[in-house]
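Rule-based calculations on the coordinates, nothing more; no lab input. Note that this is a predicted model, so its numbers are computed, not measured. Note: ideal-geometry Cβ built from the backbone for every residue, glycine included; neighbour counts use all protein chains shown.
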Amino acid sequence: MNYFDLKKQVLNYSKSTVLKNILLVGGLTIVVKLLSFYKETVVSSSFGLSELLDTYFIAMLIPGFINNVFIGAFGSVFIPNYIQASKTETDLKAFQSTGFIITLSVSSIFTLIAVLFTDFFLENFFSGHSASYYELIKLQFYYVVPCIFIWGLGSLLRGLLYVNNEFSKPTLIGVITPITFIVCIYFFKDQLGQKVLAVSSLIGAFINFLFLLYIAYKKNIIKLSKPDFNNPNIKTMLKQVPAKVSSGFLTGLIPATDQYFAAKLAIGSIAALNYGLKVPLFLTSILIVSLGKVLLPHFSKIVIEDKKSAFKKLFSALKYLFLITSSAAVLLIIVTPWIIELLFEHGEFTAENTKTVSQIQIIFLIYTPFAVCGMVIVKFLTSLNENNFMALVSLIGVSLNVVFDLIFMKYYGLYGIALATTGVMIIRTSILYKYTLNLKHKIN
């Protein structure tokens, strides 16, 4: 490519609405993540690698799992099929109504499952702890379980906002939850006691939802009528939901499996894994959130119009994205001990904690380029309704994760769990890339 071709490409990108939206969401995500990082320093300073923090993460495990897997999966399937419906239908009110009914139904069912399953879950997956340990989990769990409803409705509202090219406000209100944590810990820690983290989660989720509802109302985006389950686009969407849910379920089992094995190690191991993920998640989340929010609606639109062009844009983006994220990961690996010391080594968080978390973070940083590129591929395949294959890849991934956890934990302890996850992420992304490349060759 000569200078003039390169200049033309840069100018085209600079004029692209998609790129502008990605940069806008990326910038706002950085603001949200920086505030979230400050929230984490407040939490680490107040609780260290303590029993309360471990039990909070366990209490959040099932509600968070349901949100990411089942509710999040439906939201991902809803967007491309809603866009498809918008191309063929003049009245989308019935489609929206059906989406809200499905979301409420799924949230209700899984909230009931979460409540009924909790005792069995704790006894069989986190056995060997004291009665007070389990009571502390349950105390926090019953405060966070209502979040399932709130997250479900919020996910659908975000999807509608993204489809209507409203990206900035839904992203910016992400600051609400970390602000809620900071306020509760600083001013209400004594009054709330052991419930402080769980109550912060509930309040933050509820305020977040109210803002989403207000934005959607002001933008006149919510339009409801009698639901229509016989609509062809609804039927197509519902057929995709089981595969997408299965894929999300199996993928979500990877961190759950990691926490299960970590719970068998010393107290604080779960917290150490979570802290080791903070910086890698900061790097990946900025890109995953900014790219994911914009690219799923974008891919869903262009694959309808020109699949060949869509594949070309995908692989071009993946090339540059992998180079950028690899460079960032290498830089962060070099400065990891300094970052952990600066961010977390305060109060109850000791120098020994810094050493442990630093090693875990370095291992997790290795897979960040693969995680980001893998997310982009997943969004693209979702827009093509290729959810059955992604479910198969997720099954392979979670199976390998269990095997790797058992093997690596035996030799490397807590670090082995991090190594297992890194290996699985690299393998999973490689399979998805190869499959997508084969699809491209078939079209060409």
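Evaluate E = 1/(1 + (r/R0)^6) for residue 316 and residue 120, where r is the Cβ-Cβ distance and R0 equals 51 Å; express this FRET efficiency to the nearest 0.05. Working from the Cβ atoms, E equals 0.60.
Electrostatic tally near residue 369: other residues with Cβ closer than 15 Å to its Cβ, Lys and Arg +1, Asp and Glu -1, net +2. With a simple spin-label model that places each label point 7 Å from the Cα along the Cα-to-Cβ direction, the separation between residue 236 and residue 323 comes to 3.6 nm.
A simple count of charges around residue 261, restricted to other residues whose Cβ falls under 11 Å of its Cβ and scoring Lys, Arg +1 and Asp, Glu -1, yields 0.
Here the alpha carbons of region 164-239 define both size measures, Rg and Dmax, at 18.1, 55 Å. Note on residue 139 and residue 206: with the Förster distance fixed at 22 Å, the Cβ-Cβ geometry gives a FRET efficiency of about 0.70.
Sorted into 10 angstrom bins from 0, the C-alpha pair distances of region 117-247 split as 10, 28, 30, 22, 10, 1 percent.
Applying 1/(1 + (r/R0)^6) with R0 = 30 Å to the Cβ-Cβ distance of residue 306 and residue 265 gives a FRET efficiency near 0.05. Working from Cα pairs under 8 Å separated by at least six residues, relative contact order for region 394-444 is 34 percent.
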